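Written out below as structure tokens is the structure these notes cover.
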Amino acid sequence: FNTIIGLLPLTVSVQAATDTTLVVQTPSGQWLCDDDSGGALNPRIQINSPVAGVYKVWVGNYSGAPGFFPPATLRFN
């Protein structure tokens with residue numbers, strides 16, 4: 001697996017019925033944020049040359065209602 005790190009892009013996306021946001025912190029500490037690049041109010045972040053390590057991921061929404069956590073699917077491709 002380590003031999004293909006960085007050769008293929010890594011895409012992180014969210015699919016939900018509500019307006020969601022996405023934040024990714026890469027192993028190097030870089031912060032990547034998106035709102036609607038995935039279409040239909042869904043976020044999508046593409047990392048063209050991913051490195052091995054821990055990626056921290058946060059998904060948020062614009063519902064405005066405290067404690068409202070709508071169902072969402074988080075995808076890594």
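The values are calculated or read from the model by the stated rules, or taken from the named source; none is laboratory data. Here the structure is a predicted model, which is why all the values come from computation and not from measurement. Cβ sites come from the backbone with ideal geometry, for glycine too, and all protein chains shown count toward neighbours. The area values use the complete protein model at the heavy-atom level, side chains included, leaving out ligands, DNA and RNA. Shrake-Rupley method; radii C 1.70, N 1.55, O 1.52, S 1.80 Å.
Leaving out ligands, DNA and RNA, and with a 1.4 Å probe, what % of the accessible surface on the chain is carbon or sulfur?
Result for the chain: 58 percent of the exposed heavy-atom area is carbon or sulfur.
In Å and on Cα atoms, what radius of gyration and Dmax does region 15-77 show?
When restricted to the Cα atoms of region 15-77, Rg and Dmax are 12.4, 37 Å.
Extending each Cα 7 Å along its Cβ direction at residue 74 and residue 51, get the distance between those two points in nm, one decimal.
Simple spin-label model gives 2.2 nm for this pair.
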